[in-house]
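The values are calculated or read from the model by the stated rules, or taken from the named source; none is laboratory data. Quick caveat, the model's predicted, so the values are computed rather than measured. Note: ideal-geometry Cβ built from the backbone for every residue, glycine included; neighbour counts use all protein chains shown. For accessibility, only protein heavy atoms count, side chains too; no ligands or nucleic acids. Shrake-Rupley method; radii C 1.70, N 1.55, O 1.52, S 1.80 Å.
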Amino acid sequence: QITTLINHKDKPKRSDKTLQAIQRVGQAVNLAVGRFVTVGEAIANENRELKEEMSVACIEARRAGETIAQLTDVASLDHPESDSHITIFTDKTGVVKAARLLLSSVTKVLVLADRIVIKQIITSRNKVLATMEQLEKVSSFQEFVQIFSQFGNEMVEFAHLTGDRQNDLKDEKKKARMAASRAVLEKCTMMLLTASKTCLRHPDCESARINKDGVFHRMRLALEQVIEIVTDSRPNGENEMAPISIYSGIKEFKNKVEGLRENLYFLSKENLSTMLEVILEHTEDFTDSAYTSHEHREHILELSKQAKMELEQLVSVWMQAQNQKTKDLMEDLEVAILKTCQCMNELKREVHSAATSLAADLLKYHTDHMVLKALKITGVEGNLEAVAEYTCKLSEQKEQLVEMCRLLRHVSGTEPLEITCIHAEDTFQVTGPQIISAAETLALHPSSKIAKENLEVFCEAWESQLSDMSLLLREINDVFEGRRGEKRVYLSLPRPGKHNANLKALKPVKLDTEEQAKIAKLGLELHLLTSDVDSETEKWEDQENEIVQHGQGMSSMAYSMYLFTRGEGLLKTTQDLFHQAEIFATEGTKLASALHALSDQVHDDDKPLLLLEAEKLISMCRQLQIAAKASAQGKSATFTKVDACILKTRNVMTLLCQLLPLCCKLLRKNKAGNGCLKPAPPWKEDRIRTGTNARTPERRVDTFGIKSLENHVTNMTFLESK
């Protein structure tokens, strides 16, 4: 809006419409600044140390907003240029100055607010650390129950703060690191509970102590990493040196080679040779690996040799072209560039095939979890020899999976996925020994229920990470094949005249810029909700489940409606939007039918809740259908109808976000078997969300397992009874 004001054309003749539009924009800016400043002043009152700075910035912003409103108060003037009243037409520099002051002061408010958020996260982390120290030292169950309840509440607060921060991060790499750290904290919170209980029950057991110490150590590392990301700092001032992957190395190398077309002198031959050497050194991770097939190893070695030869040929032609730019030499250079790039592409394809085929084979081989099952059985039997035998097998399995993660990192294709591979590698490295110590504790105390429960928790973490690896492998393949980041488009898109004969008589209407601006907030909320629903549906193992499919279809349609609010996507006119809303409501009604079917499978205690939610959904969908079918004559009425349809769609999506986890919980509880939840893969966190970069809703409590954590804290009283 400010840009519109500053860039308006100074025409000699100004219509009443133009004057009114300018005044509306000025008033809108002033009102927006007023709302913004009100929030800033409230923050200032709650934070004394920054109150003075924040108050000054808010006063400057308010003053600038009022100035802009005064300078654009031109609608009531018949001849503004001859009037003594100063306006945007008589003093355009005043608007420019006010705009600069406004942007400067708003930036100050944002920076100060950000400092406060960072301080809140650090303070919350310090509380968690202090309570963790108390938990490590407790010697009685009663004391542990009290302190863990406090710890649980503090972790919930920390989860909310870091979840909001993760959503606000623009750097995809930091977002992925934050997601990984928060995933560790979520899983370790539950591990800490059972590991501590086991240690309290068996205080003289060395393996139980080792098991507990490992959990505390990992949580502290994760907490430290969150603070590093939030404060953008490293311990001791050191710089983060991320290992270079083969994929990124080849991409950079090809960019340099192709750059020779434009400039023959921008880099030296030594630079190119060094870059290729680094890439080929990394290929040794594949050729030296015991898990790489003979065929892949031979192909990689052959392509590495060919890459050296192609580069030698390229350098030879390149050097000649620097001395003499003849047509023949430039053609030879182009051929050399193409051959070098083609060779690198083949090398990239080969290492990708080697890594992904190994991953697919290993994940398939270990899906039965036979070693974990054997450890549980032999532990309960107290068979120390058998436990020792199976711990050796688990160590071998761990080495295989760690190697798989290292190779996948080379071909992951994006920095966030590289970070996810590193996180997975760390998880297998740490969880393997923790399972072993938990199994040894159970073998030493075979009748201990708490030791058995503890082993179950660590085994579940291992199974969960294996499950996440399947999703990660799919993501890596999507990136390689160019499918990453695409949003599903619902196939039943409306086409005027195709679905309804009466639509032919209607004139297609598009939203203008002003209307798009008004509805942008609703559209953004809809966008965030689609990301949330997508994250929930991706947690279901059974993607063919009817509830999941209806949820995915509704999310896709809601996303199309969001794109409409931006003037993008396949919904081109308001009539397209209204028809899409009708289809969306129909899909919601089908979902309600699936919920009724599910209610027949659940226990009597759960049935009323599910039926109540289904009735809510039916009611909301009916309201949306009525709104979509209502007649609207004129621009104002049409915009009101658009606003109503998107608002009601948002309400349905909000309910859907609550329904999906509820249904899965009930299915799990009743062991129905078709739709079991898995922990959310950390790299999905945002697909804002994403990156997806799609953004995730700012108050997404379940991302950190907060609901499950709160329930766990609430039910802690059972410990006291023991």
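Would you call LYS173 among the charged types (D, E, K, R), at pLDDT below 90 and open to solvent by 10 Å² or more (accessible area, probe 1.4 Å)?
Yes.
In the stretch 289-335, how many are over 41 Å from the mean Cα position of the chain (by Cα) and open to solvent by less than 60 Å² (accessible area, probe 1.4 Å)?
Adding up the residues that qualify gives 11.
Go through (1) open to solvent by less than 40 Å² (accessible area, probe 1.4 Å); (2) on the phi > 0 side of the Ramachandran plot one by one and return the number of the condition GLU228 breaks.
For GLU228, the failing item is (2).
With respect to the numbered conditions (1) surrounded by 13 or more Cβ atoms within 10 Å (Cβ to Cβ); (2) at pLDDT below 90, which one is the sole condition not fulfilled by CYS58?
Condition not satisfied by CYS58: (2).
Output the number of the condition that VAL602 fails; it satisfies all remaining conditions of (1) part of a helix (DSSP H, G or I); (2) open to solvent by 10 Å² or more (accessible area, probe 1.4 Å).
(1)
List pairs: first residue in the stretch 468-487 and closer than 20 Å to ARG349 by Cα, second residue at pLDDT below 90 and open to solvent by 60 Å² or more (accessible area, probe 1.4 Å) anywhere in the structure, Cβ distance under 7 angstrom, at least six positions apart or on different chains.
The qualifying pairs are ASP478/ARG484.
Anything in the stretch 126-156 that is farther than 16 Å from LEU192 by Cα and surrounded by 16 or more Cβ atoms within 10 Å (Cβ to Cβ)? List them, or say none.
LYS127
Taking THR283 as the residue in question, decide whether it is in contact with a Ser or Thr (Cβ under 8 Å, 6 or more places away or on another chain), hydroxyl-bearing (Ser, Thr, Tyr), outside the structural domain of MET191 (by the TED database) and at pLDDT 90 or above.
It is true that THR283 is in contact with a Ser or Thr (Cβ under 8 Å, 6 or more places away or on another chain), hydroxyl-bearing (Ser, Thr, Tyr), outside the structural domain of MET191 (by the TED database) and at pLDDT 90 or above.
Quick one: which residue in SER560, SER636, SER631 is crowded, with 18+ Cβ neighbours inside 10 Å and of a type outside the set (Val, Ile, Thr)?
Selected residue: SER560, the only one of SER560, SER636, SER631 that is crowded, with 18+ Cβ neighbours inside 10 Å and of a type outside the set (Val, Ile, Thr).
For the stretch 431-445, state whether one or more residues are within 21 Å of PHE286 (Cα to Cα) and open to solvent by less than 20 Å² (accessible area, probe 1.4 Å).
The answer is no; no qualifying residue exists.
Quick check on this structure: which one of LEU624, LEU617, LEU612 is under 24 Å from ALA597 (Cβ atoms) and at pLDDT below 90?
LEU612 is the lone residue from the list that is under 24 Å from ALA597 (Cβ atoms) and at pLDDT below 90.
Just give me the residues in the stretch 522-546 being charged (D, E, K, R) and either buried (at least 24 other Cβ atoms within 10 Å of the Cβ) or under 17 Å from the mean Cα position of the chain (by Cα) (or both), in sequence order.
GLU525, ASP532, ASP534, GLU536, GLU538, LYS539
Filter the stretch 550-578 down to the residues that are aromatic (Phe, Trp, Tyr) and under 20 Å from ASP532 (Cα atoms) and list them by number.
Listed by number, the residues that qualify are TYR559, TYR562, PHE564.
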